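I have placed the structure first, in the form of structure tokens, so that the comments after it can refer back to it.
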Amino acid sequence: MNRSEPKALLKSRGAARVRSGHPWVYRSDVADADGEAGDVVRLTDRSGNFLGRAFYNPRSEISLRLAARDDEPIDEDWFRRKLEDALSYRTSLKIDADAYRVLHAEADGVPGLVVDRYADYLILQVGSAAVERRLGWVIPALEDLLVPAGILLRADSLSRKREGLDTEVRTLSGEVPESVVVREGPVRYTARLWTGQKTGSFLDQRENHLAAGRYAGGRTLDVFSYAGGFALHAALGAESVEAVDSSGAALDAARANAELNRLTNVAFTRKNAFDALREKSDAGEAYETVILDPPAFAKAKRDLPAAIRAYKEINLRAIKLLASGGTLVTCSCSYHFSRELMHDTLRSAAADAGALMRVREWRGQAADHPEVLSIPETSYLKCAVLERTF
Ligand code: SAH
């Protein structure tokens with residue numbers, strides 16, 4: 001053991017949590033710590049038993065993030081091995097796209113680091129002071145393993161503010177254009193690397209986009225369309241698609257993406273989704289396919305009551321719009337709105353609509369964004385595919 005290595009001593013609740021497989025330790029579960037923000041610290045319980053090494057940030061509510069359970073150094077070689085492992089897992093998935101997540105933070109053993117690939121470019125999200133301090137190890141490893149034309153740091157997330165880190169977007173290596181055309185299965189789209197949502201698009205929905213492409217038929221309504229993530233795939237199989245979003249910029253991007261794919265059966269409506277769904281259901285319109293992919297209505301636990309009402313409202317309207325035999329593809333990316341709550345909410349919406357809904361699939365986030373069983377927070381995206389049988 002390195003004698004000068006900073007140490008953190010956990011209270012019994014924190015130690016029990018780490019032993020159960022959860023890598024986050026809240027500030028209130030730390031008995032004593034002598035490191036600084038960005039240090040890798042040696043974790044022990046009150047009896048001095050070694051628990052692992054963790055990324056430390058006393059400014060964050062989650063002040064320790066476990067990085068290793070074994071007694072191994074967190075050095076340049078450690079980061080490179082994590083990246084190699086993450087890459088070989090992605091290779092094993094045989095992803096039919098050139099935009100995907102290369103490294104998914106805790107699920108790939110590196111808390112606070114996300115690496116997304118968009119064709120020749122890599123976009124990094126860094127949510128931990130310890131990773132930020134070690135970017136000098138991460139960048140050369142990424143250059144060596146993936147040979148990107150450029151690497152961009154998107155350090156503009158809300159979670160960084162909670163960690164007390166600056167927010168910024170800057171090039172870390174090479175050159176990174178404002179946008180790049182990428183492929184997702186049979187569809188191509190433009191991802192805005194510097195300014196688009198998340199790191200440029202909703203990569204966690206990739207497999208659900210492809211699934212929706214298999215289900216969509218007839219008249220299709222894609223609500224909360226953004227740049228057409230679902231609409232483009234749906235348009236390949238449907239007669240017509242109407243993409244609804246309240247953002248004009250999102251719809252401009254969706255329109256450009258439809259042109260890129262030479263799709264002529266997509267229409268775009270700029271409207272509040274709640275109004276659009278109510279007006280259409282009041283007018284007695286019918287669709288063979290309805291897709292709902294709203295933003296997270298419950299960003300915090302206290303938002304849940306209002307969020308449940310909102311999810312119920314849009315799903316009730318969507319079910320009413322479905323023709324018999326029609327398919328609803330309905331998503332939620334709110335962690336706090338659990339799978340069980342979503343199930344209850346959908347059942348209640350179907351009951352109010354007087355519809356019998358057959359479950360075709362319960363889906364989640366794409367396999368390059370894996371969940372970790374012992375970290376419930378890594379399971380956030382849900383996507384139900386339901387068929388209206390009458
Ligand atoms: N379905 C997209 C991602 C949707 S992100 C994909 O798979 O790529 C959520 C979208 O909902 C954003 O584009 C946002 O502009 C839109 N939005 C948020 N609130 C809205 C509202 N009340 N009415 C309509 N659109 C809304």
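Take every pair of alpha-carbon atoms less than 8 Å apart whose residues are at least six positions apart; their mean separation over the length of the stretch 170-223 yields a relative contact order of 21 percent. Distances between placed amide hydrogens fall under 5 Å for residue 99 paired with 119, 183, all partners being 5 or more residues away or on another chain. Taking the Cα centre of the chain as reference, the dipole from Cβ charges on Lys and Arg (+1) and Asp and Glu (-1) amounts to some 980 debye. By DSSP, the beta bridges lying fully in the chain are antiparallel in about 65 percent of cases. For the chain, place one equal point scatterer on every Cα, skip the solvent, and apply the Debye formula. What is log10 of I(q)/I(0) at q = 0.11 Å⁻¹? Summing over Cα pairs of the chain leads to -0.83. Both numbers refer to the Cα atoms of the stretch 252-366; Rg and Dmax are 15.1, 44 Å.
Taking all Cα pairs closer than 8 Å and separated by 6 or more residues, the relative contact order of the chain comes to 11 percent. Placing +1 on the Cβ of every Lys and Arg and -1 on the Cβ of every Asp and Glu, with nothing else charged, gives the stretch 1-64 a dipole about its Cα centre of roughly 220 debye. Here the stretch 202-388 is assigned +1 on the Cβ of each Lys and Arg and -1 on the Cβ of each Asp and Glu. Its dipole about the Cα centre then comes out at about 280 debye.
Ellipticity at 222 nm from helices only: DSSP H runs of n ≥ 4 in the chain, each -39500 (n - 2.57), divided by the residue count, give -9500 deg cm²/dmol. The residue among 103, 351, 210 whose Cα reaches farthest toward the positive pole of the charge dipole of the chain, with charges on the beta-carbon of Lys, Arg, Asp and Glu, is 351. Please tell me the relative contact order of the stretch 1-66 in percent, rounded to the nearest whole number, where contacts are Cα pairs under 8 Å and at least six residues apart. Normalised by residue count, the contact order of the stretch 1-66 is 36 percent. Debye sum, Cα scatterers, the stretch 1-84, no solvent: what log₁₀ I/I(0) at q = 0.14, 0.25 1/Å? Here the Debye-derived log intensity ratios amount to -0.41, -1.28. The GNM of the chain, with springs linking C-alpha atoms under 10 angstrom apart, assigns the highest mean-square fluctuation among 60, 92, 179 to 92.
Legend: ranking of residues 379, 12 from fewest to most surrounding C-beta atoms inside 10 Å; resulting order 12, 379. Projection of the Cα convex hull of the stretch 76-177, averaged over all directions and equal to a quarter of that hull's surface, yields 6.1 nm².
When the chain is described by a simple charge dipole with +1 on each Lys and Arg Cβ and -1 on each Asp and Glu Cβ, the residue from 318, 390, 91 located farthest towards its positive end is 390.
Look at 79, 224, 274 and count the other Cβ atoms within 10 Å of each Cβ; fewest to most, that gives 274, 224, 79.
Throughout, read-outs are computed from the coordinates displayed, never taken from laboratory work. None of the values given here were measured: they were computed from a predicted structure. All Cβ positions, even for glycine, are placed from backbone atoms using ideal geometry, and neighbour counts span all protein chains on display.
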